[in-house]
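Below is one structure, written out as structure tokens; the observations come after it.
The values are calculated or read from the model by the stated rules, or taken from the named source; none is laboratory data. Remember, predicted model here, so these are calculated numbers, not experimental data. When we count neighbours, we look across all protein chains shown, and the Cβ atoms used for this are built from the backbone with ideal geometry, even at glycine.
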Amino acid sequence: MSNNGSNGVLDSKIPSGSVDRKWEDYKAHINLINPANKRKYSIIIVGTGLAGGAAAATLAELGYHVKVFCYQDSPRRAHSIAAQGGINAAKNYQNDGDSVFRLFYDTVKGGDFRSREANVHRLSEVSAAIIDQCVAQGVPFAREYGGTLSNRSFGGAQVSRTFYARGQTGQQLMLGAYSAMMRQVGLGTVEMIPRTEMLEVVLVDGHAKGIITRDLATGEIQRHAADTVVLATGGYGNAYYLSTNAKGCNVTATYRAYKKGAFFANPCFTQIHPTCIPISGDYQSKLTLMSESLRNDGRVWVPKKVGETRAPGQIPEDERDYYLERKYPSYGNLAPRDISSRSAKEVCDEGRGVGPSGLGVYLDFEDAIQRLGETTIRERYGNLFDIYEKITGDNAYSVPMRIYPAVHYTMGGLWVDYNLMSNIPGLHVIGEANFSDHGANRLGASALMQGLADGYFVLPYTIGVYLADHGKEKVSTDHPEFEKAETETRDRIKKLLSINGSRTVDSFHRELGHLLWDYCGMSRNEKGLQTALEKLPALREEFWSNVRVLGENENLNQSLEKAGRVADFLEFGEIMCHDALDRKESCGAHFREESQTPEGEAQRIDDDYSYVSAWQYTGENSPPKLHKEPLEFDAVKPATRSYK
Ligand SMILES: Cc1cc2nc3c(=O)[nH]c(=O)nc-3n(C[C@H](O)[C@H](O)[C@H](O)COP(=O)(O)OP(=O)(O)OC[C@H]3O[C@@H](n4cnc5c(N)ncnc54)[C@H](O)[C@@H]3O)c2cc1C
């Protein structure tokens, strides 16, 4: 039955029982599909990042037939490869007091009590198994002298639980998931279709039974049918144009599913990461992250004096403001991302920012180098220092890095229930593409954990629940719904190519990015959001009458690819603003200026806003409809989030 929220309450299908027993009990009692029958079912997975790659490998190993798609020329190039700092797990290798409960608690608190307890607890439970699986695959995690796996700390935690492979954790984890998936390709259970973009999800009798794709090299439009569809298509931070995401990251797959009826949850929850290389000019098309792991040893500061002009080395200690250590003494430089980002903005707004634009703060390693020696710092972060030097020309071993917050991750995504299924039956969503586990702010090193948890350990169980009930209803690509979706796709491409206006796709994207950053960025207010909602439809209208998309459909055409994605971002930006406008409280990364404490900290309003917002498409030029999933807390009690 469709979970359409028509009664105003979405059924999240959270199992009963105490939070620490739910997942075990669920696994013990769900309907299983016997191994021989698994071979009768086919699964489409869109995305080969950590979430999609892990799911493809595991589901194929279980016996299902898997068809997997990505738009890059190789699955290994998924954006997950960029992840630097590490992956969390409650192993307590340091014997510093970590536990499943503590990881669960830190994650719920870090998300400012806007995530679902049951999902987060499950995530914490499976975290340890992820590390075991990856080690078994040969992922070269950093090790101590004696051979045990090494850990470091990330924001929002007082224990060291982050496993890492230098500053290339994502790449190494990707190689593990990719190898596992390619093994199945070799065995014939996974069909891998690269350089292909999904442009529509196809619903038959209300169930997701296929997709329409475009071959990015030839322009060929194809139909693919399966018993269920999984979206593992990543996040939408590039709505802001400038972000730390790979240039190709986009919202198209999830947005098109939204237009077919899938609810979009918490679209305004965007993570702004505090440690990125500051913007250097208008020509820039991308921003670069300096991993949060650097805050283990780097100290963040700005000059105390407004308008300071001296070089950092000439500013004496007592004229420096180590503002994170001052404001949040118990977490210091490892205060969570939302809090650190806002603090950086605050000191820059006061005129104490550093660098040519004044939009920067120092991340200083002088103390750490004195304490540990340059060799140790080089071993820990060498590749990050190299990236920094290549981009800025500065050697961060001798002068402090300059950093500033940038868009980095999206906690929002398609709404899913405990089975990771959207409200469209048969449409599963995993990894950054769903909304499920991080509430209003994700803690560092928890995205890789969630993607791999979903792909390796959760979906392989939960997908069987749907298939056991609905897998027998086979459809073929001859079904009229496929015909209809294909026609819609072709018409849209034709339309984009026929406008022949005078503005580039990028110029629209950049303007959209400015609007979202100014009005729906690090801080938001009612007037600004209303202004954005007035300006966005006009920009969208201009796009459809004045964009210039060069080339043709029948060969590689990146301008056409971008145009389709930017068209979706332009519509999606409005939903982000609607969501930000509706949520009059501040929580996590969503800072509504009207809702702050006298000290300028985010002020949650639990009585009114303790819910997941799930937005429904209601038609062109019509505002989306809000459904609410109330959040209930049994194991933790929502409290004012303090890192002081
Ligand atoms: C610079 C950087 C560093 C990070 N470091 C860390 C870290 O240290 N620790 C941590 O936990 N998290 C980190 N993150 C976050 C983390 O990397 C991501 O959240 C995570 O990798 C997302 O994985 P995913 O599998 O959900 O999606 P992705 O890796 O983004 O993969 C998406 C996949 O979907 C495919 N796709 C998308 N749309 C379509 C379509 N329409 N048709 C066909 N295919 C499609 C893509 O081709 C790709 O294969 C970092 C993020 C950034 C930007």
Can you report the number of residues in the range 491-529 which are closer than 20 Å to N546 by Cα and in a helix (DSSP H, G or I)?
20
With respect to T189, determine if the residue is among the hydroxyl-bearing types (S, T, Y), in contact (Cβ under 8 Å) with a residue 60 or more places away in the chain and within 14 Å of the ligand (Cβ to nearest atom).
no
Residues (at pLDDT 95 or above and of a type in the set (V, I, T)) located in the range 117-168
V120, V126, I130, I131, V135, V139, T162
State whether one or more residues within the range 272-294 are outside the structural domain of G332 (by TED's automatic domain parsing) and aromatic (F, W, Y).
no
Search result, residues across the range 353-410 that are among the charged types (D, E, K, R), touching a residue at least 24 places away in the same chain (Cβ under 8 Å) and surrounded by 14 or more Cβ atoms within 10 Å (Cβ to Cβ)
D364, E366, R380, R402
Go through the range 281-315 and give me each residue that's in a strand (DSSP E or B) and within 16 Å of the ligand (Cβ to nearest atom).
L289
Assess whether D318 counts as being within 12 Å of the ligand (Cβ to nearest atom) and without any contact (Cβ under 8 Å) to a residue 24 or more places away in the chain.
no
From the residues in the range 421-455 that are over 14 Å from the mean Cα position of the chain (by Cα) and more than 12 Å from the ligand (Cβ to nearest atom), which one is surrounded by the fewest Cβ atoms within 10 Å (Cβ to Cβ)?
P425
Just to confirm my filter: which strands (runs of 3 or more DSSP E) fall fully inside the range 131-235 and include at least 2 residues that are basic (K, R)?
207-215
Here's a check for you: in the range 200-251, which residue that is hydroxyl-bearing (S, T, Y) and in contact with a Leu (Cβ under 7 Å, 6 or more places away or on another chain) is farthest from the ligand (Cβ to nearest atom)?
T228
Condition first: surrounded by fewer than 24 Cβ atoms within 10 Å (Cβ to Cβ), more than 27 Å from V229 (Cβ to Cβ), among the β-branched types (V, I, T) and within 16 Å of the ligand (Cβ to nearest atom). Can you find one or more residues in the range 97-119 that meet it?
no
Take M181 and tell me if it is modelled with pLDDT of 95 or more, within 9 Å of the ligand (Cβ to nearest atom) and either surrounded by fewer than 24 Cβ atoms within 10 Å (Cβ to Cβ) or in the same structural domain as L427 (by TED's automatic domain parsing) (or both).
no
Considering residues of the range 40-85 that are more than 6 Å from the ligand (Cβ to nearest atom) and among the β-branched types (V, I, T) only, the residue nearest to S243 (Cα to Cα):
I81
Condition first: over 30 Å from E379 (Cβ atoms) and crowded, with 24+ Cβ neighbours inside 10 Å. Can you find one or more residues in the range 76-95 that meet it?
no
The helices (runs of 4 or more DSSP H) lying entirely within the range 9-106 that contain at least 1 residues which are touching a Lys or Arg at 6+ places or on another chain (Cβ under 7 Å) are 22-29, 50-62
I'd like to check something: does the range 568-584 contain any residue that is part of a loop (DSSP other than H, G, I, E, B) and under 25 Å from the mean Cα position of the chain (by Cα)?
yes
